[in-house]
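Any read-out appearing in this document is the output of simple, stated calculations on the displayed coordinates, not a laboratory observation. Bear in mind that the values here come from a model prediction, so they are computed numbers and not experimental data. Cβ placement follows ideal geometry from the backbone for every residue including glycine, while neighbour counts extend to all protein chains displayed.
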Amino acid sequence: MYLQKRSRILRATPAIRSLVAETILRPTDFITPLFIDEGNGIKTPIASMKDYYRMSIDLTVQEVKELWSLGVKSVLLFVKAADETKDNTGQEAWNPEGLMQRAIKAIRDAVPEMYVMTDVALDPYSIYGHDGIVKDGEIVNDETVEALVKMSVSHARAGAHMVAPSDMMDGRIAAIRNGLEENNFTSTGIMAYSAKYASCFYGPFRDALDSAPGFGDKKTYQMDYANRTEAVKEAAQDVEEGADIVMVKPALSYMDIIRDVKNTVTVPVSAYNISGEYAMVKAAAEKGWIDENKAILEMLTSMKRAGADLIATYFSKDAARLLNG
Ligand code: PBG
């Protein structure tokens, strides 16, 4: 055979493969979601998220130190609000002494360089487990946005570097940006969950925070997974409204969306490798059906290859260890 082109030449040895690799995963690509609980010395396993825990602030701070030492430079905070703080207004979300606000301060004090992002949505504080305020069985948009602005400003005041609205209400990015400007938080960023789909893969997360919707589902605000063009529209709109980073969520079943958004916007794109994606890998590995470490690196590299500049993932500690060798 005389071949003009032999593709296998560039695959022949580990050295040449590494020389031509197009996508290089780094610990600085990761945002680590952390679940925070009241109390001291608390580390509660989450049944559907093997090896992941909900921790009190003191243990969360230790975790943040460890992440920093592994080269992970960003955390995304979620809290499990106490039942007695839940209502239909979300007011605990902007309590200056709330669990989130105390957690932000503790982390900023302990590891000042760590970039702290916070989840902004009412579901952990809602008696209905919905991301917004409920009236006559509906999740009302404009009143919810007012609450989200208060919540964001409160996080900024506590020291958050960036707020991450995950609620999918209309107009919230512009409103939050205005709220931050009015209160002089001119260096606080916004990572918009722009294309967040109504997904069954959020199940384990809702176990972790006890935040499953009490009635109905989230389809009147989260996107229909049948849609692709709409995601691009949402992301472009959020950028116009002032988002610094736009997110696609979930990641694994939405690689086409990640690429479409990446090709459209000129801000960094993040993807959320969500709880159900984590749980599937853990479950299959536990059965011995896949190699967990290899699956982690293949999945995360694929998300970056699809166009994610940043990846929120429960695997960030494992992946950082693997990458650090
Ligand atoms: C709620 C929120 C959810 C997630 C992040 N923020 C769940 C939901 O919308 O019901 C899911 C994260 C995951 O599954 O890992 N605002």
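Quick notes on this one:
- The residues in the stretch 170-186 that are of a type outside the set (A, V, I, L, M, F, W, C) and in contact (Cβ under 8 Å) with a residue 12 or more places away in the chain can be counted, and the count is 7.
- The one condition from (1) more than 16 Å from the ligand (Cβ to nearest atom); (2) touching a Gly at 6+ places or on another chain (Cβ under 9 Å); (3) part of a loop (DSSP other than H, G, I, E, B) that MET255 does not meet is (3).
- Filter pass, LYS150 being basic (Lys, Arg) and either within 13 Å of the ligand (Cβ to nearest atom) or part of a loop (DSSP other than H, G, I, E, B) (or both): no
- Test: residue in the stretch 288-299 that is assigned to a strand (DSSP E or B) and crowded, with 16+ Cβ neighbours inside 10 Å: no
- Restricting the stretch 30-56 to residues that are more than 19 Å from the chain's Cα centre (by Cα) and among the aliphatic types (A, V, I, L, M), the residue that is farthest from the ligand (Cβ to nearest atom): ILE42
- A search for C-beta distances below 8 Å between a residue of the stretch 192-210 that is closer than 24 Å to LYS50 by Cβ and in contact (Cβ under 8 Å) with a residue 60 or more places away in the chain and any residue that is β-branched (Val, Ile, Thr) and near the ligand (Cβ under 10 Å from one of its atoms), counting only pairs 6+ apart in sequence or on different chains, returns SER199/ILE274; PHE201/ILE274; TYR202/ILE274; PHE205/ILE274.
- Residue list for the stretch 290-319, restricted to those being away from the ligand (no atom under 16 Å from the Cβ) and under 22 Å from VAL20 (Cα atoms): LYS294, ALA295, LEU297, GLU298, THR301, SER302, LYS304, ARG305, ALA306, GLY307, ASP309
- For the stretch 224-252, taking the residues that are in contact (Cβ under 8 Å) with a residue 40 or more places away in the chain and assigned to a loop (DSSP other than H, G, I, E, B), the one that is farthest from ARG305 (Cα to Cα) is identified as GLY242.
- Of all the residues in the stretch 258-285, those that are more than 15 Å from the chain's Cα centre (by Cα) and either assigned to a loop (DSSP other than H, G, I, E, B) or over 25 Å from TYR52 (Cβ atoms) (or both) number 9.
- Among the residues making up the stretch 162-176, those that are surrounded by 19 or more Cβ atoms within 10 Å (Cβ to Cβ) and either farther than 15 Å from ALA93 by Cα or away from the ligand (no atom under 15 Å from the Cβ) (or both) are MET162, MET168, MET169, ARG172, ILE173, ALA175.
- For PRO213, the requirement of being within 16 Å of the ligand (Cβ to nearest atom), part of a helix (DSSP H, G or I) and not charged (D, E, K, R) is not met.
- One residue from ALA147, ALA164, ALA121, ALA156 being aliphatic (A, V, I, L, M), closer than 18 Å to GLY98 by Cβ and in contact with a Phe, Trp or Tyr (Cβ under 6 Å, 6 or more places away or on another chain): ALA156
- Those residues of the stretch 80-116 which are assigned to a loop (DSSP other than H, G, I, E, B), more than 15 Å from the ligand (Cβ to nearest atom), surrounded by fewer than 19 Cβ atoms within 10 Å (Cβ to Cβ) and not hydrophobic (A, V, I, L, M, F, W, C), in sequence order: ASN88, THR89, ASN95, PRO96, GLU97, PRO112, GLU113
- Annotation note: Cβ proximity below 7 Å between a residue of the stretch 124-137 that is without any contact (Cβ under 8 Å) to a residue 40 or more places away in the chain and over 12 Å from ARG206 (Cβ atoms) and a residue that is within 12 Å of the ligand (Cβ to nearest atom) and of a type in the set (Lys, Arg) (sequence gap 6+ or interchain) occurs for no pair.
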